[in-house]
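Nothing in this text is a laboratory measurement; each read-out follows from the coordinates by a stated rule. All of these numbers come straight from a predicted model, not from anything done at the bench. Cβ sites come from the backbone with ideal geometry, for glycine too, and all protein chains shown count toward neighbours.
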Amino acid sequence: MSSERTKRQSINPPSTQAMADAFHFSQATRVGNTIWVSGQVGLDATMTPADGVEAQARLAFQALKSALEAAGASLADIVELTTFHTDLRGEIHAFGRVKDEYLPDRYPSWTAVGVTQLAVPELRVEIRAVAVAGCGEA
């Protein structure tokens, strides 16, 4: 394998660069065709949590989509999804409806984990993913 194919790339869409700089992380990391996306949450442009799990899930999936696009991939390229929920049992069905809007077919492997808290007290869900660029093409 050539060194160019295994080169590690840090991916930060312009709208997330300030957060990446402040907290010293990458929104995504790409090595070859594999992309690991950091946990995405339901914060709006003013860093305010959206109201409720469905609205937060939509913002998180939009952020996930943005990170993947910046890395040269799409939501269809996701092969593994891990979600963290502060009320897993109470909100999993509402979250699942939103997930199905963004991932309507070619379902990735998915692990949902209940947690006691996320980075901001009002956050309900966090989504991280692994994708393989180009694998979601029909």
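Mean-square fluctuations from a GNM of the chain, with a 10 angstrom spring cutoff on Cα atoms, peak among I35, I127, I92 at I92.
Using a 10 angstrom Cβ neighbour count of at most 11 plus a DSSP loop assignment to flag exposed GluC sites (Glu not before Pro), which longest range of the chain is free of such sites? Between the exposed loop sites, the longest stretch runs 5-136.
Which of A55, A63, A94 ends up with the largest GNM mean-square fluctuation for the chain, with Cα atoms connected below 10 Å? Result for the chain, Cα springs under 10 Å: A94 fluctuates most.
For the chain, a crude dipole built from +1 on the beta carbon of Lys and Arg and -1 on the beta carbon of Asp and Glu, taken about the Cα centre, is about 400 debye to the nearest 20. Measuring r between the beta carbons of V132 and D51 and using R0 = 30 Å, the FRET efficiency lands at 0.30. Among Q56, Q27, Q17, the largest mean-square fluctuation in a Gaussian network model of the chain (Cα springs under 10 Å) belongs to Q17.
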